[in-house]
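Visitor: Quick one: this structure, given as structure tokens, is what I'll be asking you about.
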Amino acid sequence: MRNGEDLHQRLVMAAGEDMVAWGWGTLGTGNVFTGVTSTALILEFVTMGMKTKELRRIPFEELEFIYAAKGDASTPGYLKLNIEARVADSMTGTLILKPLTDGLMYIRFSKLPRHEKNDQAPFRITDYISQIVPDKVFLPDLSQYRPKSSFAGCLKTFMIIAAVTTVLIALLMGFGTGEWDLAVFGGIGTGVVLGAVFAPLVPLFKRMLSGRG
């Protein structure tokens, strides 16, 4: 896709309908060409070689909601602390949508050469949809749509992280110092701390990597 017009033509040919607005997005680590017709949202999931994996047509009436947000909405603000992250976030827009038959999706659009204002594609798409079905364009409390983490699941994740970290740290310290008793205690301490810190964040990391949930 050399430019925005190439993308427009591809979406028109794939969907068999003209596109009112379009853009090149990513869902997690995968590419998704996104367009909107007079009646539906078009999502073309493509491989790295630009071959179609799935073409999905979501009529407006099958959307529970859709919303355009500035920046990367799948990543919380406290993970955008350094300058590089803030600059990248300022050149990004996110299309947040919930089809009636699927979970939350966060499709991110970044600035691209020869794709004019690609980061503004979510706003062009929702602006058009709001003219047709304004009741579909809003942002609810997203927490009610996210999978609930059980205590048992969080504890299992904690134990896995703690166990793996304990073994790795103990082996590294043991072979490095030869003091295996100290290495085991150091491994256990590090494993418990890292498990406690990262276990509750696993659902967040999954959302950032997959663009869903």
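Visitor: Across the stretch 44-71, what is the total count of residues that are touching a residue at least 40 places away in the same chain (Cβ under 8 Å), surrounded by 14 or more Cβ atoms within 10 Å (Cβ to Cβ) and under 26 Å from MET91 (Cβ atoms)?
Guide: Selection size over the stretch 44-71: 5.
Visitor: What pairs come out if I take residues in the stretch 16-32 that are closer than 22 Å to GLY213 by Cα and at pLDDT below 95 and pair them with residues that are among the aliphatic types (A, V, I, L, M) and not in a loop (DSSP other than H, G, I, E, B) whose C-beta lies under 6 Å away, six or more apart or interchain?
Guide: Every condition considered, the pairs that remain are GLY28/LEU209.
Visitor: Which count do you get for residues in the stretch 101-141 that are without any contact (Cβ under 8 Å) to a residue 60 or more places away in the chain, loosely packed, with under 13 Cβ neighbours inside 10 Å and more than 26 Å from PHE198 (Cβ to Cβ)?
Guide: Residues meeting the conditions: 5.
Visitor: Read through the list (1) surrounded by fewer than 17 Cβ atoms within 10 Å (Cβ to Cβ); (2) in the same structural domain as PHE123 (by TED's automatic domain parsing), then give the number of the only condition that ASP181 fails.
Guide: It is condition (2) that ASP181 fails.
Visitor: Taking the condition crowded, with 19+ Cβ neighbours inside 10 Å, of a type in the set (Val, Ile, Thr) and within 16 Å of the chain's Cα centre (by Cα), does VAL32 pass? Spell out how you get there, then give the answer.
Guide: Details: crowded, with 19+ Cβ neighbours inside 10 Å: yes; of a type in the set (Val, Ile, Thr): yes; within 16 Å of the chain's Cα centre (by Cα): yes.
So VAL32 fits the description; yes.
Visitor: So which of GLY93, GLY49, GLY153 is out of contact with any strand residue (DSSP E or B) (no Cβ under 9 Å at 6 or more places or on another chain), under 16 Å from VAL32 (Cα atoms) and not aliphatic (A, V, I, L, M)?
Guide: Working: GLY93 fails: out of contact with any strand residue (DSSP E or B) (no Cβ under 9 Å at 6 or more places or on another chain); GLY153 fails: under 16 Å from VAL32 (Cα atoms).
GLY49 is the lone residue from the list that is out of contact with any strand residue (DSSP E or B) (no Cβ under 9 Å at 6 or more places or on another chain), under 16 Å from VAL32 (Cα atoms) and not aliphatic (A, V, I, L, M).
Visitor: Of all residues in the stretch 183-213, count the ones that are out of contact with any helix residue (DSSP H, G or I) (no Cβ under 7 Å at 6 or more places or on another chain), free of Cβ contacts under 8 Å to residues at least 60 places away in the same chain and of a type outside the set (D, E, K, R). Spell out the reasoning first.
Guide: Let us first name the residues in the stretch 183-213 that are out of contact with any helix residue (DSSP H, G or I) (no Cβ under 7 Å at 6 or more places or on another chain), namely 185, 189, 193, 197, 201, 203-212.
Restricting the remaining residues to those that are free of Cβ contacts under 8 Å to residues at least 60 places away in the same chain gives 185, 189, 193, 197, 201, 203, 205-206.
Remaining after also requiring of a type outside the set (D, E, K, R): 185, 189, 193, 197, 201, 203, 205.
Going through the stretch 183-213 one residue at a time, the tally reaches 7.
Visitor: Which condition number in (1) within 21 Å of THR75 (Cβ to Cβ); (2) touching a strand residue (DSSP E or B) at 6+ places or on another chain (Cβ under 7 Å) is the one that SER130 fails?
Guide: (1)
Visitor: With of a type outside the set (Phe, Trp, Tyr) and not in a strand (DSSP E or B) as the only criterion, which of GLU61, GLU44 stands out?
Guide: Working: GLU44 fails: not in a strand (DSSP E or B).
Checking each option against the conditions leaves just GLU61.
Visitor: Let me ask another. Looking at the stretch 86-99, I want the residues that are under 23 Å from GLU61 (Cβ atoms) and have a partner that is surrounded by fewer than 16 Cβ atoms within 10 Å (Cβ to Cβ) and among the acidic types (Asp, Glu) with Cβ atoms under 9 Å, at least 6 apart or on another chain. Which pairs are those?
Guide: LEU97/GLU64; LYS98/GLU64; PRO99/GLU62; PRO99/GLU64
Visitor: How about the stretch 142-178: which of its residues are surrounded by fewer than 16 Cβ atoms within 10 Å (Cβ to Cβ), of a type in the set (Ser, Thr, Tyr) and over 27 Å from the mean Cα position of the chain (by Cα)?
Guide: THR177
Visitor: Have a look at LEU171, LEU139 and point out the one that is of a type in the set (A, V, I, L, M, F, W, C), farther than 30 Å from PHE60 by Cβ and not in a strand (DSSP E or B).
Guide: Numbers: LEU139 fails: farther than 30 Å from PHE60 by Cβ.
The match here is LEU171.
The values are calculated or read from the model by the stated rules, or taken from the named source; none is laboratory data. The structure displayed is predicted, hence computed values, not measured ones. Counting neighbours? That spans all protein chains shown, and the Cβs are built from the backbone with ideal geometry, glycine included.
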